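Here is the structure we will look at, set down as structure tokens.
The values are calculated or read from the model by the stated rules, or taken from the named source; none is laboratory data. All figures in this text were calculated on a predicted structure; none of them were measured in a lab. In this analysis, Cβ positions are derived from the backbone assuming ideal geometry, glycine residues included, and neighbour counts consider all displayed protein chains. Just so you know, the surface numbers come from the protein's heavy atoms only, side chains and all, with ligands and any DNA or RNA stripped out. Shrake-Rupley method; radii C 1.70, N 1.55, O 1.52, S 1.80 Å.
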Amino acid sequence: MKRIAELRKEKHLNQTGLGLKLNVSQKMISAYESGAHQPSIETLIRMSEIFNVSVDYIIENSDIRMKAERLVKDGLTANEVELLELFNELDEKRQQRAIGIIFALKCL
């Protein structure tokens, strides 16, 4: 899971430091990052709290870093969150087409 390493580095943590926060060894962090071992649900939840991102982001199921609840709290509706998630799955060309479609719908 390459995102674990990216997030760890963003927080200026080495593998040992993250391991201490998660109560696992440096070798286990290395195994998570290389994909040799999968973190437990509890470990993923703890990582999401440490890095302030969603579990979906950590496991590369989404490119949206924020937890959906936080987006909703920040003033976005559940539909808007879903729209953002779908939009982020599109390549740039399709994103531009989607914007055009939404603009056209707005003008109706």
Among E85, E60, the single one that is modelled with pLDDT under 95, within 13 Å of the chain's Cα centre (by Cα) and not in a helix (DSSP H, G or I) is E60
Taking F87 as the residue in question, decide whether it is touching a residue at least 12 places away in the same chain (Cβ under 8 Å), surrounded by 12 or more Cβ atoms within 10 Å (Cβ to Cβ), out of contact with any Cys (no Cβ under 6 Å at 6 or more places or on another chain) and not β-branched (V, I, T). no
Residues of segment 90-100 classified as in a helix (DSSP H, G or I) and either open to solvent by less than 100 Å² (accessible area, probe 1.4 Å) or among the hydroxyl-bearing types (S, T, Y) (or both), total: 4
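Taking into account only those residues within segment 20-49 that are over 23 Å from N61 (Cα atoms) and of a type outside the set (D, E, K, R), which is surrounded by the most Cβ atoms within 10 Å (Cβ to Cβ)?
Residues of segment 20-49 that are over 23 Å from N61 (Cα atoms), as a first pass: 20-21, 23-27.
Add one more test, that the residue is of a type outside the set (D, E, K, R), and what stays is 20, 23-26.
Details: L20: 14, N23: 9, V24: 19, S25: 13, Q26: 14.
Here the answer is V24.
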Restricting segment 65-82 to residues that are farther than 17 Å from E49 by Cβ and not in a helix (DSSP H, G or I), the residue that is modelled with the highest pLDDT: T77
Could you please give the count of residues in segment 36-57 that are in a loop (DSSP other than H, G, I, E, B) and closer than 29 Å to E82 by Cβ? 6
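For segment 63-75, check the following and say yes or no: at least one residue is under 14 Å from K2 (Cα atoms) and open to solvent by 60 Å² or more (accessible area, probe 1.4 Å). Can you show your working first?
First pass over segment 63-75, keeping only residues under 14 Å from K2 (Cα atoms): 63.
This time we only want the ones that are open to solvent by 60 Å² or more (accessible area, probe 1.4 Å), so: 63.
Yes: segment 63-75 contains one or more residues that are under 14 Å from K2 (Cα atoms) and open to solvent by 60 Å² or more (accessible area, probe 1.4 Å).
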